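Novice: Pasting in a structure now, in C-alpha cells, and then I'll have a few things to ask.
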Amino acid sequence: GLIVDAGRKGVMVAPLDPVHVRRLYEVRAALDGAACRLAAARMDDDLRARGQKLLDAGRRAMESGDAAALLAADIDFHLFLYEASGNPLFVETAAPHWRHLRRVMGAVLRSPEAYEWVWREHAAILAALIDRDGERAATLATAHANGGAQRLAPSLESKGAEP
C-alpha cells in the first residue's frame, strides 16, 4: 500500500489516506494503552532507566531538529512500551503496521510544535509508568495516539491526501 500505479507514468508513492491514518492510530491507541497497563506493573529500575534514556534521546533529537532522529526516537519509545509490557505479542501484532505508522508519524513530526507535544506526552506516559499507575499511563498513551490522528487526518482531508 505504499506505492500505487500512476498509469503511463509508472508508479508513485501512495498519498496518505485520512481514513487509513485514523484506523492506524486506532490500532496503535489500543495497543499502546493495553501495553501501558501491563508495563506499569512491571516497572523496575532497569525499565525506568531505559525509558529515561529514550526520553533523553528524543529531547536531543528535538533540540537538533534532526527529523530522522526524531522519528527513530518516537518509534523507539512506542516499541519500549510494548517490550516493557512483557508480552511479546504486542510487538508482533504491531509489526505489520510499522511501515505505515513510520510514514504517518513522520508526517506528524514535521513541525517544532509537534516535537514539543510529542515529547511532553511521552514524558507524562513514562511518569505514570514509573508511578506504577497503569490506568493513567493507558489513558495518556491512548490520548497521545488519538491526538496524533486528530492533528494529522484533518490536514490531509483539507488538502487532499498527500505523499
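The values are calculated or read from the model by the stated rules, or taken from the named source; none is laboratory data. On a predicted model such as this, the values are computed, not experimentally measured, just so you know. Backbone-built Cβ (ideal geometry, glycine too); neighbour counts: all protein chains shown. When the accessible area is computed, the model is the full protein with side chains, heavy atoms only, and any ligands, DNA or RNA have been set aside. Shrake-Rupley method; radii C 1.70, N 1.55, O 1.52, S 1.80 Å.
Novice: Quick check: anything in region 16-36 modelled with pLDDT of 95 or more and in contact with a Lys or Arg (Cβ under 7 Å, 6 or more places away or on another chain)?
Specialist: No: zero hits.
A quick yes/no check of all residues on (1) open to solvent by 10 Å² or more (accessible area, probe 1.4 Å); (2) closer than 25 Å to Arg99 by Cβ; (3) modelled with pLDDT of 90 or more:
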position: Leu2; (1), (2), (3): yes, yes, no
position: Ala6; (1), (2), (3): yes, yes, no
position: Gly10; (1), (2), (3): yes, yes, no
position: Val13; (1), (2), (3): yes, yes, no
position: Ala40; (1), (2), (3): no, no, yes
position: Met43; (1), (2), (3): no, no, yes
position: Asp66; (1), (2), (3): yes, yes, no
position: Leu70; (1), (2), (3): no, yes, no
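Listed here are the residues, each with its yes/no results for (1) open to solvent by 30 Å² or more (accessible area, probe 1.4 Å); (2) hydrophobic (A, V, I, L, M, F, W, C); (3) more than 22 Å from Asp56 (Cβ to Cβ).
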site	(1), (2), (3)
Arg102	yes, no, no
Gly106	no, no, no
Ala114	no, yes, no
Glu121	yes, no, no
Glu135	yes, no, yes
Thr142	yes, no, yes
